[in-house]
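Below: the structure, in structure tokens.
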Amino acid sequence: ILSLVVGVTHLSILLAVYQVKAGKRGLRMELENRAAFVGKTLEAEVEPWLHPPLPKRLQNVVANFGNDEHLEGIAIYNAAGVSLAKTAGMEDFWRAAAPQIHQAIASQLTYASFQTLDGKLTHIYILPLHDGSKNLGALAVFHDASFIQAQTAHLWRNAFLAVLAQAAFIVLVTLLIIRWSIMGPLARTTKWIKELRAGRGSGRSELDDGD
């Protein structure tokens with residue numbers, strides 16, 4: 001029973017690890033796609049107000065996206081890396097992401113990653129802005145990714161409970177099988193032998209040949 005439980009438990013743990021990792025990967029991809037969608041949507045609204053820069057118009061665009069799900073903040077920068085518009089109250093985020101923002105502006109390549117900012121997991125998406133070959137700056141989108149950690153912990157808890165339930169079920173079924181197929185016939189055989197010794201039993205057991 002112990003060997004069976006250990007073997008099946010190991011298999012269940014491997015499956016649980018795979019499922020949790022797949023779930024976590026799916027949540028990350030969903031957030032990455034969401035960030036890319038927000039970035040592309042904002043790009044079309046922001047670029048008309050970048051040449052020449054109109055900070056008030058840009059700030060209005062940023063404010064309109066303030067209630068997007070899991071969105072922490074948005075910032076718009078010119079080609080020199082100077083902020084033109086941004087969500088208020090996120091100075092720590094802007095300072096922490098400054099190297100990536102300047103890198104995206106210089107390379108004109110999209111940047112995306114998960115980082116711990118201000119004590120919580122955050123997804124950073126930086127989209128270079130341009131007009132043809134002209135570098136206009138960059139758009140930075142920050143999403144709160146801490147919900148991924150919370151949901152992953154929930155998945156781990158469910159997986160652990162499932163492993164325990166499977167192990168308990170296996171033990172119960174195995175004990176019942178042993179009781180029906182081994183202990184029952186063994187008890188009847190013992191009773192038959194005792195009856196033979198007492199001179200009350202027949203020479204042949206009433207058990208089936210299989211038993």
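Only the coordinates and a few stated rules stand behind these numbers; no lab work does. No experiment lies behind these values; they were computed from the predicted model shown. Glycine also receives a Cβ, built like all others from the backbone with ideal geometry; neighbour counts cover every protein chain displayed.
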Fill in: Sorted peptide list for 178-189, 143-154, criterion being average Cβ within 10 angstrom, highest first
143-154, 178-189
Practice prompt. Determine the sum of side-chain charges near GLN19: Lys and Arg each +1, Asp and Glu each -1, restricted to other residues whose C-beta is under 14 angstrom from that of GLN19.
Written response: +4
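Sort the range 1-119 into rounded, prolate or oblate with this rule: let a ≥ b ≥ c be the square roots of the eigenvalues of the Cα gyration tensor; rounded if a/c is under 1.5, and if a/c is not under 1.5, prolate when a/b is larger than b/c, oblate otherwise. Don't jump to the answer; show the numbers that get you there.
Values: a/c = 3.25, a/b = 2.93, b/c = 1.11.
In terms of gyration-tensor shape, prolate.
Can you bin the range 56-128 into rounded, prolate or oblate? Criterion: square roots of the alpha carbon gyration tensor eigenvalues sorted a ≥ b ≥ c, rounded for a/c under 1.5, prolate for a/b above b/c, oblate for the rest. Don't jump to the answer; show the numbers that get you there.
Numbers: a/c = 1.59, a/b = 1.04, b/c = 1.54.
Because a/c hits 1.5 or more and a/b fails to exceed b/c, the range 56-128 counts as oblate.
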Worksheet item: In straight Cα distance, which lysines are under 25 Å from LYS56, not counting same-chain residues fewer than 8 positions off?
Response: LYS40, LYS86, LYS134
Item to complete: May I ask for the distance between the Cα centers of the range 143-187 and the range 1-53, given as a whole number of Å?
Response: 26 Å
Worksheet entry | Nearest-0.05 FRET efficiency for ASP92 and LYS134, computed from C-beta distance (R0 35 Å) | 0.65
Worksheet item: Along the Cα-to-C-beta direction of VAL171, a point sits 7 Å from the Cα; which residues of the range 1-26 have their amide N less than 11 Å from that point?
Response: 2, 5-6
Practice prompt. Provide Rg over Rh for the chain; use the alpha carbon set for both Rg and the Kirkwood Rh (inverse mean inverse pair distance).
Written response: 1.48
Worksheet entry | Residue-averaged [θ]222 nm for the chain, counting only DSSP H segments that reach four residues, each worth -39500 (n - 2.57) | -20000 deg cm²/dmol
Worksheet item: With the Cα gyration tensor of the range 88-153 giving a ≥ b ≥ c as the square roots of its eigenvalues, does the rule (a/c under 1.5 for rounded; else a/b larger than b/c for prolate; else oblate) give rounded, prolate or oblate?
Response: prolate
Worksheet item: Which whole DSSP H helices in the chain pass both tests: a Cα extent of 15 Å or more along the axis and a mean Kyte-Doolittle value no lower than -0.5?
Response: 2-46, 91-107, 146-178
